[in-house]
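For reference, the structure discussed in these notes is given below.
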Amino acid sequence: MEKNTKMNHTSGDDDDDKHHTNTEEESIILNPNFEDGLNNWSGRGCKAVLHESMDRGRIVPLSGKVFAAATERKATWNGIQQEISRRFQRKRVYEVTALVRIFGNNVTSETIQATLWVLNANQREQYIGIANVQATDKNWVELKGKFVIHGSPSRVIIYLEGPPPGADILVNTFAVKHARRTHPSPPPIYENPGYGVNVVENSEVKDGATQPWFTLGKYCKLSVGQGAPRTLPPMARDTLGPHKPLGGNYIIVTNRTQTWMGPAQMITDKIKLYLTYQISAWVKIGVGVSSSGTSPQNVNIALSVDNQWVNGGQVEVTVGDTWHEIGGSFRMEKQPQQIMVYVQGPAPGIDLMIAALQIFPVDRRERLRCLRKQVDQVRKRDIVLKFSGLDDSFDLFPYIVKVKQTHNSFPIGTCINRTDIDNEDFVDFFTKNFNWAVFGNELKWYWTEAERGKLNYQDADDMLDLCIGNNINVRGHCIFWEVESTVQPWVRQLSKTDLMNAVQKRLTDVLTRYKGKFKHYDVNNEMLHGSFYQNRLGKGVRALMFNIAHKIDPSALLFVNDYHVEDGDDPR
């Protein structure tokens with residue numbers, strides 16, 4: 001029995017292969033509804049049994065007359081499985097659907113995952129995570145996902161896993177079919193888009209009137225001041241062209257006691273779906289009464305879309321007489337119930353001022369034409385070709401000289417997985433369109449050393465060789481991962497001394513092996529969301545990781561890597 005020690009989430013393009021003869025509705029799973037008992041099914045490290053009902057009749061099939069159960073499970077990777085080795089076709093996208101639930105003492109909700117075990121022709125194993133779902137002991141839920149096998153493995157097994165030992169995995173149906181091709185939606189038809197028309201009412205607060213503006217925050221105060229710039233901010237001016245002079249009025253919010261307090265306005269009925277809106281404004285901060293003194297402050301224009309935060313632009317400003325430009329853009333693709341625009345950011349006690357807030361739809365096609373002109377002006381240069389060794393009488397005119405760009409210095413990157421590079425179509429597209437790459441999982445510690453002392457750098461080596469051979473720069477992701485659930489069990493069980501030794505060995509192994517090959521490294525992933533190493537080895541361990549990494553490979557740029565850094569949409 002193959003033990004599951006690695007996982008890699010992957011998916012493929014919904015690409016119809018006209019050379020295949022299978023219909024879209026054919027399932028490569030035999031006996032998907034268990035109508036033929038457990039034929040073609042088996043337990044993976046546990047028992048597989050068939051039931052008409054369980055728990056005194058409280059659990060019955062949602063579909064058909066029976067369901068299967070993986071029981072007497074002693075490890076999370078135990079489950080129910082079926083071999084599909086001779087029934088799949090490489091480079092074809094398959095969709096997995098299964099009705100599942102859990103059963104057991106003291107288990108009410110657990111994750112069930114569909115996984116592929118792949119044995120390659122060279123006898124190396126791979127585990128490909130397809131999809132997962134939060135299953136309960138109350139109802140059947142649908143697990144749904146897609147996978148594609150790029151290479152030509154000798155064996156492939158699909159199975160369910162995930163819940164803790166002792167919990168049964170119940171399966172009512174389990175099908176794997178060729179995924180239907182998803183056709184792109186037709187471009188939306190815009191009726192009266194109103195390009196360039198500001199949806200913000202009373203943006204100039206003329207005559208001192210403040211309606212329909214209001215303040216976020218019960219006790220802060222909104223008033224009108226005079227002395228703002230009389231021209232639109234440059235970003236808006238570039239898009240809108242010539243504009244009449246502004247009146248110079250601005251909104252000021254005082255008595256702020258929270259960073260989120262500031263001016264706001266409802267714009268729900270003004271926003272149209274699928275249109276791109278540009279945001280532009282002047283902002284300034286006053287001294288007010290704050291413990292932050294005169295230190296720089298962030299000012300942010302935000303949208304509250306059904307209570308979800310959307311970033312509309314941010315700028316760092318300092319206290320003084322200078323007005324700063326702030327800008328951004330957004331697009332809505334689902335109809336919200338409520339949209340509010342508001343300005344926030346500075347520390348409590350600091351006065352916040354905004355002038356000439358513009359939110360208007362832009363013609364994307366016209367904008368792209370404008371950007372192309374800017375590219376021609378800013379990024380393109382004339383090239384003079386000189387041909388040496390030619391006689392003065394040689395006439396070059398009849399000959400055609402072609403200049404073809406073979407490499408682009410502008411960095412465009414993508415994430416790749418080891419299984420991807422077995423697909424020659426993928427490799428062709430990847431090498432022609434990208435000059436940077438990052439590995440999905442293959443450099444992570446749980447992948448390269450799933451079991452203590454058993455190192456696997458072959459996947460990373462293969463991917464790195466492909467990238468270097470095609471002049472593609474690579475970012476090393478990642479040396480460590482602070483989130484405890486991503487740390488392999490043997491590392492979690494180490495004593496403090498052994499853990500420190502293992503950390504130093506990991507740094508030495510990776511950075512010595514790949515010295516000079518990775519241009520960037522994410523040294524300790526998601527330090528804002530986890531603290532496994534810091535909790536066990538002290539606060540200094542993070543700096544130690546960076547210092548050792550730099551000492552071993554000083555050519556690499558070292559990064560702090562986390563998510564929700566740009567959008568700020570983090571529940572924590």
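Quick one: in region 125-147, of everything that is out of contact with any His (no Cβ under 9 Å at 6 or more places or on another chain) and closer than 18 Å to E83 by Cβ, which residue is surrounded by the most Cβ atoms within 10 Å (Cβ to Cβ)? So, considering only residues that are out of contact with any His (no Cβ under 9 Å at 6 or more places or on another chain) and closer than 18 Å to E83 by Cβ, the one surrounded by the most Cβ atoms within 10 Å (Cβ to Cβ) is F147. Of all residues in region 531-557, those that are within 19 Å of E484 (Cα to Cα) have Cβ atoms under 8 Å from Cβ atoms of residues that are basic (K, R) and in a helix (DSSP H, G or I), 6 or more apart or on another chain, in F532/R492; Y533/R542; Q534/R542; R536/K496; L537/K496.
Rundown of residues vs (1) modelled with pLDDT of 95 or more; (2) in a loop (DSSP other than H, G, I, E, B); (3) touching a Leu at 6+ places or on another chain (Cβ under 7 Å); (4) surrounded by fewer than 17 Cβ atoms within 10 Å (Cβ to Cβ), yes/no style:
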site: Y521; (1), (2), (3), (4): yes, no, yes, no
site: L528; (1), (2), (3), (4): no, yes, no, yes
site: Y533; (1), (2), (3), (4): yes, no, no, no
site: R542; (1), (2), (3), (4): yes, no, no, no
site: A549; (1), (2), (3), (4): yes, no, yes, no
site: H564; (1), (2), (3), (4): no, yes, no, yes
site: D567; (1), (2), (3), (4): no, yes, no, yes
site: D570; (1), (2), (3), (4): no, yes, no, yes
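Taking region 312-390 and the strands (runs of 3 or more DSSP E) fully enclosed by it, the elements with 1 or more residues that are surrounded by 10 or more Cβ atoms within 10 Å (Cβ to Cβ), assigned by TED's automatic domain parsing to the domain that holds N300 and acidic (D, E) are at 324-331.
Within region 213-222, is even one residue among the β-branched types (V, I, T), in a strand (DSSP E or B) and over 30 Å from L38 (Cα atoms)? Yes, there is a match, as at least one residue in region 213-222 is among the β-branched types (V, I, T), in a strand (DSSP E or B) and over 30 Å from L38 (Cα atoms). Give I149, I102, I158 a once-over and let me know the one that is more than 19 Å from N39 (Cα to Cα), within 29 Å of the chain's Cα centre (by Cα) and not assigned by TED's automatic domain parsing to the domain that holds Y446. The unique qualifying residue is I149.
Taking V66, is it touching a His at 6+ places or on another chain (Cβ under 7 Å) and under 15 Å from I169 (Cα atoms)? Judged against the criteria, V66 is a match. Do we have any residue at all in region 480-491 that's assigned by TED's automatic domain parsing to the domain that holds P554, without any contact (Cβ under 8 Å) to a residue 24 or more places away in the chain and more than 22 Å from the chain's Cα centre (by Cα)? For region 480-491, residues assigned by TED's automatic domain parsing to the domain that holds P554, without any contact (Cβ under 8 Å) to a residue 24 or more places away in the chain and more than 22 Å from the chain's Cα centre (by Cα): present. Considering region 9-47 alone, what residues qualify as being closer than 30 Å to W447 by Cα, surrounded by 15 or more Cβ atoms within 10 Å (Cβ to Cβ) and modelled with pLDDT of 50 or more? Passing the criteria: I28, I29, W41, S42, G43, R44, G45, C46.
From the list D395, D428, the lone residue that is surrounded by 10 or more Cβ atoms within 10 Å (Cβ to Cβ) and not aliphatic (A, V, I, L, M) is D428. Determine which single condition N456 fails, assuming it passes every other condition in (1) modelled with pLDDT under 95; (2) assigned to a loop (DSSP other than H, G, I, E, B); (3) farther than 29 Å from T431 by Cα; (4) of a type outside the set (D, E). So N456 meets the others, but not (3).
Among the conditions (1) buried (at least 17 other Cβ atoms within 10 Å of the Cβ); (2) farther than 29 Å from N408 by Cβ; (3) in contact with a Leu (Cβ under 8 Å, 6 or more places away or on another chain), the only one that A460 does not satisfy is (2). Can you tell me which residue within region 49-84, out of those that are of a type in the set (G, A, S) and in a strand (DSSP E or B), is nearest to V156 (Cα to Cα)? The qualifying residue nearest to V156 (Cα to Cα) is G79.
The values are calculated or read from the model by the stated rules, or taken from the named source; none is laboratory data. Just so we're clear, the structure is a prediction, and the values are computed from it rather than from any experiment. Backbone-built Cβ (ideal geometry, glycine too); neighbour counts: all protein chains shown.
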